[in-house]
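The values are calculated or read from the model by the stated rules, or taken from the named source; none is laboratory data. Since this is a predicted model, take the numbers as computed values, not measurements. Backbone-built Cβ (ideal geometry, glycine too); neighbour counts: all protein chains shown. Note: areas computed on protein heavy atoms with side chains; ligands, DNA, RNA excluded. Shrake-Rupley method; radii C 1.70, N 1.55, O 1.52, S 1.80 Å.
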Amino acid sequence: MAKPPRAPRPKLQTPRAPARRLLGLGGLGVAAAAYVGVDYLRHLSPAWHGRLQPALWAVLALAAAARAPFYRHWSAELRAALPFLGSIAFMLAAFLCEAISVRFVSAVMGLHWHRTAAPLPDTGQWLLLSLNEKLPQSVVDLLRAHVITLHHYLMLFIMLGFSVLFDCIKAPGLGIATRYMFTMAIGRVLRTITFIATILPSARPWCAVARYQIPQHPHPWAQKYYVPYASDSNAIRRVITQDMAYAAVQAYPDEYKPDWGRMSFLVDILRPTPGEGPSWYHLLKKASGGCNDLMYSGHMLVAVLTAMAWTEAYGGWISVAIWLLVLHSAQREVRERHHYSVDCVAAIYVGVLLWRMTGFIWSARDLARARRLAKLEEVQSRLVHAAKDSDIDEIRGLLKEVELSGQERQGFSQRAILAFAAGTIIFTLSCVLIAFTATSDG
């Protein structure tokens, strides 16, 4: 009795390797390195910087615009648009919360405290000062150089997101952007909770006097619950024993209370003065980075999230280079006393852990392949039966189902996809252009 022919082994078509083959000597890595290098020319040769930077931006913008009509994943981008907008709203809300809190911790103790509070002892600062005495001057100059700053990390991430047009990273590009902004918003919320919990003195004691017009005296809350117990060890021991604020409050000037209408509840938090503008919004615009030590560093959080995004989505030598730049930024934050060492260390591990926790939003893992494998496992018994029955048509049909399960669902008209593609490219490039022309550092 003749044996039935053996069923053909199912072959899953793996997606073609993306254009990240350019990693070696060209492609996205070289574009990123060129961007950082050309921008650093502003310190070495402003004339060449003025010539090369517009040319580089023009080349990158034209390349993205020329590639956009041939991009194959606009339907996936359209599906990711709503989560993307939601992450923007969440991030803006987190920034608003943070700005209010920054103003509060800067104003609550008053200018006199800022003048007299000594910076905390920082062994990282001591180490860097010691290395300055031992390392060659060229190395010290390199460590001091402003090679990369906050807006560079943001722009590097924008370049990474746009590289999806060239299949350098996994689509959708709005997916990784959603993950980046959602993770940053979570990091900002956690940072706000951290620095508002315990008020730390700035590593730059002159900051508050130069930046703010806050009252000289402490906030009424600090007058009652902190000042009487700030330095007297007997008073501290007694308040611990009684667990109750017992000391009499000294006489201080009355607080200025403008009428902000529905936002008047912010007066006690922001502590305005007559010369700081007519509304709460003017105060928040001046909050900037604050004049206390804000645990942990927001600049370093952005840097770490950018490095994590590049490492997962693209990899290669450029990701190693970005991590080296992150370490360079960390030591410069400490060296220039924008932060204590603990702020930078905490920002690094918080950023890494938060990025790992938000992989459910976007991941570099090939989900299409996973869906095909799951579908193959689902139809495996039917495939075996079809092979035993020598039903070639059934086998072909099942394999077709497996292949289709890994393809993107369309669900949108071609006109809607084209309109979304054009709007996305124009809007994003306009935002980048406005950010770098209307501000000093993006």
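General remarks:
- Placed amide H near Leu200: partners under 5 Å, 5+ positions off or other chain: Asp293
- Pairs of lysines in the chain whose Cα atoms sit within less than 17 Å of one another amount to 4, provided the residues are eight or more positions apart or on different chains.
- Taking one quarter of the surface of the C-alpha convex hull of the chain gives a mean projected area of 32.7 nm².
- Label-to-label distance, nm, for residues given as Gln53 and Asp389 (7 Å Cα→Cβ offset): 7.0
- Label point at Leu135 placed 7 Å out along Cα→Cβ; residues across the stretch 320-359 whose backbone nitrogen lies under 13 Å: 325, 327-336
- D (Stokes-Einstein, µm²/s), Kirkwood Cα radius, the stretch 93-142, 0.692 mPa s at 37 °C: 228
- Where only C-alpha atoms are counted, convex hull volume of the stretch 171-268 per residue in Å³: 211
- Farthest toward positive dipole pole in the chain [+1 Lys/Arg, -1 Asp/Glu at C-beta], among His282, Leu142, Trp74: Trp74
- Gyration tensor (alpha-carbon) shape descriptor, the stretch 58-193, a/c threshold 1.5: oblate
- With Cα atoms, 0 to 90° folded angle of helix 81-107 axis to the chain main axis: 10
- Solvent accessible area, Å² - Phe265, 1.4 Å probe, full protein context: 130
- Computed per residue of the chain from DSSP H runs no shorter than four, each worth -39500 (n - 2.57), the mean residue ellipticity at 222 nm is -20500 deg cm²/dmol.
- For the stretch 291-341 versus the stretch 104-167, the inter-centroid distance based on Cα atoms is 8 Å.
- Shape index of the stretch 305-368: Rg/Rh, with Rg the Cα radius of gyration and Rh the Kirkwood radius from the inverse mean 1/r over Cα pairs, equals 1.06.
- Taking Lys and Arg as +1 and Asp and Glu as -1, the other residues whose beta-carbon sits under 12 Å from that of Pro220 total 0.
- Sum of side-chain charges, Thr183 neighbourhood, beta-carbon under 13 Å (Lys, Arg +1; Asp, Glu -1): +3
- Once both labels are positioned 7 Å from their Cα atoms along Cα-to-Cβ, the gap between Ile88 and Ala68 label points is 1.4 nm.
- For the stretch 306-311, backbone phi angles converted through the Karplus equation (6.51, -1.76, 1.60; θ = phi - 60°) give residue-by-residue couplings of 5, 5, 5, 5, 5, 5 Hz, Gly and Pro being listed as x.
- Per the chain, cysteines lacking a partner by the 4.7 Å Cβ criterion: Cys97, Cys168, Cys344, Cys431
- 3J(HN,Hα) along the stretch 147-152: 5, 8, 10, 4, 5, 5 Hz, from the Karplus curve 6.51 cos²θ - 1.76 cosθ + 1.60 with θ = phi - 60°, whole Hz, x for Gly and Pro.
- Cα gyration tensor, the stretch 123-191 - rounded (a/c under 1.5), prolate or oblate: oblate
- Stokes-Einstein translational diffusion, the stretch 160-224 - Kirkwood Rh over all Cα pairs, 1.306 mPa s, 10 °C, in µm²/s: 99
- Mean Cα-pair separation over length for the chain, i.e. relative contact order, pairs under 8 Å, 6 or more apart, %: 25
- Among 417-427, 323-333, 103-113, sorting by the average number of other beta carbon atoms lying within 10 angstrom of each residue, highest first, gives 103-113, 323-333, 417-427.
- For the stretch 30-136: rounded, prolate or oblate by the Cα gyration tensor [a/c cutoff 1.5]: oblate
- Kirkwood-type hydrodynamic radius, the stretch 237-382: 20.8 Å, calculated from all non-identical alpha-carbon pairs.
- Positive-pole candidate from Leu120, Ala248, Ala177, dipole of the chain, charges at beta carbon: Ala177
- List Met357, Met263, ordered by accessible area with a 1.4 Å probe, largest first: Met357, Met263
- Helix 123-134 and the long axis of the chain differ in direction by around 80°, with both axes built from C-alpha atoms.
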